[in-house]
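Everything below concerns the one structure shown next.
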Amino acid sequence: MKTFPRRSGSERSEEIRNRAHMDTRDVNHQHLTEASDAIMSCSSNCTGEFTLKARLAASLFVICGTLVGVAAAAAPVAPVAVFRDPPTDKAYPATGEGLRVPSGGALMNAMVYVPAGKGPHPVVVLLHGFPGNEQNLDLAQSLRRAGWAVVTFHYRGSWGSEGTFAFDGAIEDTAAVIAWVRSPEAARHSRFDPKRIVVIGHSMGGFMAAQRCAADDSLLGCALLAPWDLSFDARLLAKATEAERERFAKEDLVDVDGRLSGMNAQQVVESLVKDGNKWQLAKFAPNLAKRHALIVIAARDSDDDKALDLLPALNAQHPKALRTETLDSDHGFNDQRIALQNLVLEWITTLPQPAPMP
């Protein structure tokens, strides 16, 4: 993954918006008070010119009252799961468990967050980026508080998982985890609803989420957070000199070495130059346009993570269930974590609900 400091997105934080709403409410309250005082004062001893003032004050009272109602209606309300724990269920408490998931003859390290309640619970498969320094576990916890089970994992060859890392291997790993979630054993053990699965991915995980969502029409939908278009960098590197490629490996992939088995920063460059053109984010557009999808872009991010090819390709397909948002932040959404959680939780509540039990 490219380094976070040079990346970045424009939406004010919840705190600023709430403060602005409180200031507006205070000002309107002051106007209402003044208007009310004027009316009460004039009701007993004013005539002529004063009667006109009373009428004006009454009008101001009505207008301000309307503004207060509009402001209250327009004020954003953060999903409760962002800031409040759900009630404890002693019979079926929330749990967290480290597990190992098979893929390609190797075992991958995984973590499963199960919400309180008997279930079965809908499931989010949360995909980290490359190499995976940012895990987005605050998002995992918010989703669990909202009633979703969350499965996170490390691709083969990353962060202690068995095997050797490869981009094509990560595509296989994502499919393997979803297949595992759907298995009767996993569904029974972790109270999963295997028919209600969403994939959410950040950076390279966004690419993996897009690929799987396009290939698997039984998924409820997908959210792509600053998705990395590997082919974008492949095109740049194809035109680069050897010195420029070395600089890319040292500066943009500085956080890769030591995290992966079988691939270092220089080998990443070589892989992108050789095969990167086949990992095109935009080629998933025809099928993604048929799905429920959320794409969140960071305004201060680099161009390879802004879905610059994907978004036009999606719009050309006239998608019916696509939401796109931009946050004023960097690649890791480091100063918009609450805003990011709000977006994801708001979007996930719009997904199709299961049919009621007979």
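Table: residues versus (1) modelled with pLDDT under 95; (2) of a type in the set (S, T, N, Q); (3) within 24 Å of A299 (Cβ to Cβ).
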{"residue": "A209", "(1), (2), (3)": "no, no, yes"}
{"residue": "A215", "(1), (2), (3)": "no, no, no"}
{"residue": "C222", "(1), (2), (3)": "no, no, yes"}
{"residue": "L230", "(1), (2), (3)": "no, no, yes"}
{"residue": "E244", "(1), (2), (3)": "no, no, no"}
{"residue": "L253", "(1), (2), (3)": "yes, no, yes"}
{"residue": "D257", "(1), (2), (3)": "yes, no, no"}
{"residue": "M263", "(1), (2), (3)": "yes, no, no"}
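Restricting segment 64-93 to residues that are in a loop (DSSP other than H, G, I, E, B) and over 16 Å from V114 (Cα atoms) leaves a set whose member that is modelled with the lowest pLDDT is A75. Filtering segment 311-347 to residues that are surrounded by 18 or more Cβ atoms within 10 Å (Cβ to Cβ), hydrophobic (A, V, I, L, M, F, W, C) and part of a helix (DSSP H, G or I) leaves A313, L314, A339, L340, L343, V344, L345, W347. Quick check on my filter: what residues within segment 94-107 are in a strand (DSSP E or B) and either touching an Asp or Glu at 6+ places or on another chain (Cβ under 9 Å) or of a type outside the set (A, V, I, L, M) (or both)? Answer for segment 94-107, where residues must be in a strand (DSSP E or B) and either touching an Asp or Glu at 6+ places or on another chain (Cβ under 9 Å) or of a type outside the set (A, V, I, L, M) (or both): T95, G96, E97, G98, R100, V101, P102, S103, A106, L107. Where strands (runs of 3 or more DSSP E) fall wholly inside segment 108-208, the ranges with 1 or more residues that are more than 19 Å from the chain's Cα centre (by Cα) are 121-127, 192-202.
When you look at L308, is it aliphatic (A, V, I, L, M), on the phi < 0 side of the Ramachandran plot and buried (at least 19 other Cβ atoms within 10 Å of the Cβ), yes or no?
No.
The values are calculated or read from the model by the stated rules, or taken from the named source; none is laboratory data. As the structure is a computational prediction, the values presented were derived from the model and not from experiment. Virtual Cβ from ideal backbone geometry, glycine too; neighbours counted across all protein chains shown.
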